[in-house]
Every structure is written in structure tokens, then in C-alpha cells.
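Chemist: Structure provided below as C-alpha cells; questions to follow.
The values are calculated or read from the model by the stated rules, or taken from the named source; none is laboratory data. Bear in mind the structure is a predicted one, so any value in this text is a computation, not a measurement. Because the Cβ atoms are built from the backbone with ideal geometry, glycine has one as well, and the counts that use them run over all protein chains shown. Just the protein is used for accessible areas: all its heavy atoms, side chains included, with ligands, DNA and RNA removed. Shrake-Rupley method; radii C 1.70, N 1.55, O 1.52, S 1.80 Å.
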Amino acid sequence: MFPFYKRIAQKILRSTDYTRLITGLFFALILTANQSLADGARPRFAEALPTEAVHPFLESFRTQGLQGDYSFKFLLEHLPRRGKTMRYGGTLWGSWNESGPVSRFAIDPGVTDQESGRPAAREWIVQNGGQQQAWAREGTDGTFEPIDATALMEPLFEGVLYRPFDLLMPFIYWDDYEYEGPKAIGTRLAYQFLMKPPAGLDLPQVHAVRLSLDSEYRALMRIEILDTSGEALTRFEVESFKKVQGQYIVKRITLGEQTSGERTRFRVTAAVLNLELPMQIFDAEKNIKAPEFAPEKFTEL
């Protein structure tokens with residue numbers, strides 16, 4: 001996450017309240033941003049991390065976050081190489097429980113393009129942290145069912161690239177990793193970490209995952225899923241951010257499939273922060289409807 005103005009960030013990092021962390025897609029959605037980023041200032045050089053600083057740097061990324069619950073309105077925009085852009089509306093709720101960050105996604109594939117043959121509305125509950133789990137249901141009245149390992153790499157629904165794996169991002173917690181050093185990404189400098197799947201994980205499509213983290217602000221910049229030759233199969237990039245209700249959030253993230261050239265963009269259209277959400281909405285066994293908030297509560301992006 002891009003931290004708050006540097007002076008404020010240092011104060012917050014010393015606060016015990018800052019231990020609420022945002023993982024999975026949270027790492028890219030909620031963040032604190034340094035004013036120098038908004039002003040266009042860029043670090044000019046990044047030295048390689050010394051060995052003793054590598055793990056603390058990664059851990060500081062894993063434990064960054066923001067106080068308060070939140071809800072976003074968003075669009076998933078699928079951009080095929082040929083054909084028109086398809087748009088799917090949705091809502092995201094985010095909070096924290098004893099296991100770590102937790103989120104709930106609701107997507108209505110017919111919200112913006114009323115065409116026949118669209119899949120039904122769907123919902124997902126995603127538990128991040130040290131023990132990730134995910135559940136899904138069709139419609140808004142069904143029962144949430146666990147997503148097993150074989151379905152982790154399947155699209156959320158036909159017509160998008162995002163998969164449960166991309167929401168969970170379990171690789172953030174993988175213990176086996178290599179620090180690859182600094183690399184320029186656009187106008188920023190990143191430290192890169194090659195995350196290796198644990199033994200016994202049955203994900204043949206995932207040989208390794210490369211995380212690129214901003215060298216100065218410990219912000220997620222890019223995620224690449226690699227094949228056995230080290231080539232990127234998919235690339236997840238944070239593209240823009242916005243200040244909302246006194247805090248910075250990411251406005252746009254794009255997931256691209258390198259072989260086909262197709263992309264699916266996650267674009268936040270409105271946000272409300274500093275909420276206190278009922279934790280029952282993240283309990284897959286309760287099947288409780290998530291709250292809706294009046295439009296005036298949201299800040300349009």
C-alpha cells in the first residue's frame with residue numbers, strides 16, 4: 001500500500017491500531033498513500049536489501065492495512081482482444097476477524113448489460129490471512145459452498161479472467177521465497193520476491209508467483225503468475241488510486257492474460273469507508289444478506 005504522507009505514516013506504523021492488515025485483493029484495494037506519490041515525486045535509486053532486511057520488508061508488507069470496515073461499488077470490465085467490452089456491476093464489503101482480513105463480493109453479471117444468457121448473480125466470501133478459505137453461491141438466497149482446490153483456478157464466471165485464486169492470493173503467505181532484488185517498473189522502483197508454492201499444493205498452472213513491491217512505500221505494484229519456464233501467464237497491475245473520505249484507495253486494477261492478450265479490469269466507482277459492518281455477513285454458514293447503504297453515503301470516483 002502506498003503509505004500516508006511520510007510523517008503521518010511513521011506515526012501510524014508505531015500505533016498498535018495499525019495492526020489490522022488487508023490481504024488478498026485487499027492489498028490492492030485499500031491503502032494509505034504518500035503525498036509525494038500524488039505530487040509525482042519518484043525515488044531515483046533503490047539499493048538491494050541486505051539479507052537481514054529482506055524478511056522484515058516482506059512482513060511489513062503483509063501487515064499493512066487501514067482502520068475501519070468499508071464497502072465499494074465496482075465494475076468488472078472484460079476487454080477482449082476483439083469484440084466489445086463487457087461490464088459487470090458489483091459490491092464489495094471488507095472487514096477483519098480473528099483469522100485475518102475477510103471480504104464479501106456480490107456480482108450481478110446483468111447489471112450493466114441486459115442481455116440474454118447472462119449467468120445469475122453470484123456471491124463470494126473470502127477469508128484471507130494465514131489460513132485462507134473461500135465460499136461461493138449463486139443468487140442471493142442460496143447456500144454458500146466451499147470452493148475446493150480444483151475450482152481455485154476457474155474463472156469467477158464466464159467472461160472474466162479473475163479467479164478465486166486471484167481473490168485469495170495465498171502466495172503472499174508462502175514461506176518459501178527468493179528475494180530477486182530491485183527492478184524499475186514504470187517510474188517506480190520495486191523489490192521483487194519470487195514466491196514458491198508449498199509442497200503438496202495441487203496447482204499445476206502455478207509454478208511460482210513474482211511479487212513486485214514498491215521499494216520505498218511497500219506498496220503492491222504487480223503480481224505475475226509464472227509457468228515452469230519463468231514466463232508470465234497472467235499479470236495483475238495496480239494502475240491508479242484516489243483519495244476518498246480522507247484515505248487513499250486503489251481505483252483501478254487490471255488482470256491480463258499474457259498469451260491471449262485479454263484483460264479484466266477491476267474499477268471502483270464509489271466507496272464508503274470507516275464503517276462497522278456486522279460480522280455475520282462474512283459467516284458462510286449463516287447466509288445473511290449483506291447490508292446496502294444509501295447512495296449519499298458513497299463517494300463517487
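Chemist: Counting only heavy atoms of protein chains, what accessible area per residue, in Å², does the range 155-239 have with a probe of 1.4 Å?
Modeler: Working: 3440 Å² over 85 residues.
Heavy-atom SASA per residue in the range 155-239 reads 40 Å².
Chemist: Run the numbers on the range 185-249 and let me know its relative contact order in percent, using alpha-carbon pairs under 8 Å that are six or more apart.
Modeler: Working: 98 pairs, mean separation 14.7, N = 65.
Rounded, it is 23 percent for the range 185-249.
Chemist: What is the range 74-223's relative contact order, in percent, from Cα pairs under 8 angstrom and six or more apart in sequence?
Modeler: Details: 280 pairs, mean separation 18.2, N = 150.
Worked out over the range 74-223, it gives 12 percent.
Chemist: Which GluC sites (Glu not before Pro) from the range 207-291 combine a DSSP loop assignment with at most 14 other Cβ atoms within 10 Å? It would help to have the intermediate numbers written out before the result.
Modeler: Working: sites: E216, E224, E231, E237, E239, E257, E262, E276, E285; in loops: E216, E231, E262, E276, E285.
Taking the range 207-291 and a limit of 14 other Cβ atoms within 10 Å, the loop GluC sites (Glu not before Pro) found are E231, E276, E285.
Chemist: At a Cα cut-off below 27 Å, give the lysines reachable from K251, other chains included and same-chain residues fewer than 8 away excluded.
Modeler: Filter leaves K6, K11, K73, K84, K183, K242, K243, K289, K297.
Chemist: Also, quick follow-up: How far is it, in nm, from the label point at E239 to the one at E98 when both lie 7 Å from their Cα along the line to the Cβ?
Modeler: The modelled label-to-label distance comes out at 4.1 nm.
Chemist: Moving on. With a ≥ b ≥ c taken as the square roots of the eigenvalues of the C-alpha gyration tensor of the range 227-271, please select rounded if a/c is under 1.5 and otherwise prolate if a/b is larger than b/c or oblate if it is not?
Modeler: On the way: a/c = 5.41, a/b = 2.62, b/c = 2.06.
Here the range 227-271 falls in the prolate category.
Chemist: Report the label-to-label distance for T228 and L201 in nanometres (one decimal), using points 7 Å from each Cα along the Cα→Cβ vector.
Modeler: Result for the modelled spin labels: 1.8 nm.
Chemist: Per the Kirkwood treatment, what hydrodynamic radius in Å, one decimal, follows for the range 196-288 from the mean inverse distance over all distinct Cα pairs?
Modeler: On the way: mean 1/r = 0.0616 Å⁻¹.
Across the range 196-288, the inverse of the average 1/r is 16.2 Å.
Chemist: A follow-up question, please. In Å and on Cα atoms, what radius of gyration and Dmax does the range 97-238 show?
Modeler: Every Cα atom of the range 97-238 included, Rg and Dmax give 16.9, 50 Å.
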